[in-house]
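The values are calculated or read from the model by the stated rules, or taken from the named source; none is laboratory data. Being a predicted model, the structure only gives us computed values, none of them experimental. Cβ placement follows ideal geometry from the backbone for every residue including glycine, while neighbour counts extend to all protein chains displayed.
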């Protein structure tokens, strides 16, 4: 009797709708990628309201980071909506993307267990706030729906996904296998992303070391609706899906525990908590943060540029710069025309190791601190006149 009562309850708890609610609620927590997308969206907003086109971002990489890389259509949408939602723009758009992805999956797949699994997979985009990849994934799912239902013009959402995020191209190989003409689209977009990647890497940007397993996970999620319709052994597909969901849950928990206590207060207070009473300075500033993008979002102001690019330097030890001597470090500062150095005081450990010990010692012994709070310390290297 107890089993008959419990089984429906368990099914309700893990139903597609309940999992949808979980994913939507999770959007309220700021993820590790959020401030990157906010900074870019605000830059597009500035271009829209000013009627100008900026090919280089004046706030990042000493004003040399390319503005137009990937995700252009959805940064334009975010830029248009910025006046309405401000720093909550990405949350609103991802909320809508979750809802529309849910509707597409419900239309495409009748089995509720598969629907539940698919919506759980979306959690892998929501916790880190992977806005652009999430938009691309929706169009991959929409293309799969049109293709599997025999609808015309499924290539249109597929092309939008290609243009939005480079990982989508790997999913497109499935359609190229079915119809060879897709190879033309894939070749064109591969050339486009090859050029962008070359420009990005040649400027010294860091390629994140988690890119391989991120690529595998996102491609698997993007192609999941198609695999449900293919003649794949159901037990194998179930094991692979459960494994992927498990990895996503573990990854989300690690991200949540690692950064959430450092992100949430600053995000909902517009980052004034992290940078309370920060001086009005101008010039070029090196930032070594637990994730320097909160800095990139907050320091989005005329006359001040951050020396690093969209992807933070200080994610794991292998991406951290080190210097062997004072002379070597000072040469780096001079060569890169750095006026200020901002150091995260709360960083430490394996996940966010903070500035190199030698760098901290050199700064404290040779340069003056002009601002400090419980989170950060700002050093003056070659102070320029403060902005009014």
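Just one of the listed residues (101, 114) is in contact with a helix residue (DSSP H, G or I) (Cβ under 6 Å, 6 or more places away or on another chain), over 24 Å from residue 46 (Cα atoms) and surrounded by fewer than 21 Cβ atoms within 10 Å (Cβ to Cβ), and it is 114.
Only a single criterion out of (1) surrounded by fewer than 20 Cβ atoms within 10 Å (Cβ to Cβ); (2) at pLDDT below 80; (3) out of contact with any helix residue (DSSP H, G or I) (no Cβ under 8 Å at 6 or more places or on another chain); (4) outside any helix (DSSP H, G or I) is not satisfied by residue 315, namely (1).
The residues of region 346-384 that are in a loop (DSSP other than H, G, I, E, B), modelled with pLDDT under 90 and touching a strand residue (DSSP E or B) at 6+ places or on another chain (Cβ under 9 Å), listed by number, are 346, 347, 354, 355, 356, 375, 382, 383, 384.
Conditions tested, residue by residue: (1) assigned to a strand (DSSP E or B); (2) over 18 Å from the mean Cα position of the chain (by Cα); (3) in contact (Cβ under 8 Å) with a residue 12 or more places away in the chain.
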{"residue": "31", "(1), (2), (3)": "no, no, yes"}
{"residue": "35", "(1), (2), (3)": "no, no, yes"}
{"residue": "40", "(1), (2), (3)": "no, no, yes"}
{"residue": "45", "(1), (2), (3)": "no, yes, yes"}
{"residue": "52", "(1), (2), (3)": "no, yes, no"}
{"residue": "62", "(1), (2), (3)": "no, yes, yes"}
{"residue": "73", "(1), (2), (3)": "no, no, yes"}
{"residue": "76", "(1), (2), (3)": "no, no, yes"}
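When residue 180 is tested against (1) more than 27 Å from residue 34 (Cα to Cα); (2) assigned to a loop (DSSP other than H, G, I, E, B); (3) modelled with pLDDT under 85, exactly one condition is not met: (3).
Looking only at region 224-277, which residues are outside any helix (DSSP H, G or I), in contact with a helix residue (DSSP H, G or I) (Cβ under 7 Å, 6 or more places away or on another chain) and at negative phi? 273, 274, 275, listed by residue number. Scan region 56-73 and give yes if some residue there is farther than 30 Å from residue 333 by Cα, in contact with a helix residue (DSSP H, G or I) (Cβ under 6 Å, 6 or more places away or on another chain) and buried (at least 16 other Cβ atoms within 10 Å of the Cβ), otherwise no. Within region 56-73, one or more residues are farther than 30 Å from residue 333 by Cα, in contact with a helix residue (DSSP H, G or I) (Cβ under 6 Å, 6 or more places away or on another chain) and buried (at least 16 other Cβ atoms within 10 Å of the Cβ). Condition check for residue 50 on (1) surrounded by fewer than 14 Cβ atoms within 10 Å (Cβ to Cβ); (2) touching a strand residue (DSSP E or B) at 6+ places or on another chain (Cβ under 8 Å): one failure, at (2). When residue 23 is tested against (1) part of a loop (DSSP other than H, G, I, E, B); (2) closer than 25 Å to residue 263 by Cα; (3) at pLDDT 90 or above, just one condition goes unmet, and that condition is (1). Pull up region 320-334, narrow it to residues that are in a helix (DSSP H, G or I) and under 30 Å from the mean Cα position of the chain (by Cα), then point me to the one that is surrounded by the most Cβ atoms within 10 Å (Cβ to Cβ). It comes out as 333.
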